[in-house]
Amino acid sequence: MVKLQLGSFKQAPRTTHATVTEHLRQAILLGQLPGGTRLVQSELAEAFNVSVTPIREALRELSTQGLIELDAFKGAVVRMPTLGDLEEVYELRSVLIPLVVKKSIARITPQDLQQAAVLLTQMEATTERELWVDLNRQFHNQLDNAAQATLLKQSLQQLSDLSAIYINLSFSEQPFRKEASEKEHRDILQAYKDKDVKTATKLILSHFNGTLDAARKALKKQPLATAGP
């Protein structure tokens, strides 16, 4: 039976389908629904107190986002993290970073920078890994979204979501990554404030490589997750 934390579940003002999708997405990204978890429509409908229809729509959307796999026989299953996916996610992010940094620094506002600083302060204050991972995702999205490029934003959003799964793994391998990451975030934010595209790009790529290395080591310790689909 799938167990979800639904204390904040609200249907308005979003559609039921959109609300269910977001709650399931967050549960997957934060590790509450780990890879391999079966998502039974009837159980989810009962947990959310909704009909099966919005559950079915939510699962279909999560499948297009690469977070779950739909099988005619097994049903919906949370996608297992793999080395192949990990390498591809970070390779794609690395390709897009120089472009998004250039666009973001050209258009970022003082309000954007202030909000990013607030998120960093919250990250440094928390000891909860799930919350930290979510704040980390928000921080990078805050900077990326300043680019004001719709298609680029959508691509980076999906990659950022997928990265959250591997960031969780990186902390299981290297708990000290929290302090190191926060220092890297401060340096990245300063480069944005200085409008230094070259330094910001270099820092972000180095930051991603640190997470990639830690997640790669963690995955290699999980035999069932090492192969790609």
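Readers should treat all values here as calculations from the given coordinates under stated rules, not as data from a laboratory. What you are looking at is a predicted structure, and each value in this text was computed from that prediction instead of being measured. Glycine gets a Cβ as well: all are built from the backbone with ideal geometry, and neighbour counts include every protein chain shown.
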* Asked: Which shape class, rounded, prolate or oblate, goes with the chain when its Cα gyration tensor gives a ≥ b ≥ c as root eigenvalues, a/c under 1.5 marks rounded, and past that a/b bigger than b/c marks prolate?
  -> prolate
* Excluding residue 135 itself, calculate the net charge of residues whose Cβ lies under 12 Å from the Cβ of residue 135, where each Lys or Arg counts +1 and each Asp or Glu counts -1. => -2
* **Violating pairs (Cα-Cα greater than 22 angstrom) within the set 102/178; 102/217; 74/220; 102/202; 103/153** => 102/178; 102/217; 74/220
* Given H placed 1.01 Å from N in the peptide plane, which residues other than close sequence neighbours of residue 39 have an amide H under 5 Å from its amide H? -> 76, 77, 78
* Let me have the 222 nm mean residue ellipticity of the chain computed from DSSP H runs of 4+ only, each contributing -39500 (n - 2.57), with the sum over all residues rounded to the nearest 500. => -23500 deg cm²/dmol
* To do: Rounded to whole Hz and in sequence order, give me ³J(HN,Hα) for segment 129-140 from the Karplus expression 6.51 cos²θ - 1.76 cosθ + 1.60, θ = phi - 60°, writing x for Gly and Pro.
  => 4, 4, 5, 4, 4, 5, 5, 4, 5, 5, 4, 5
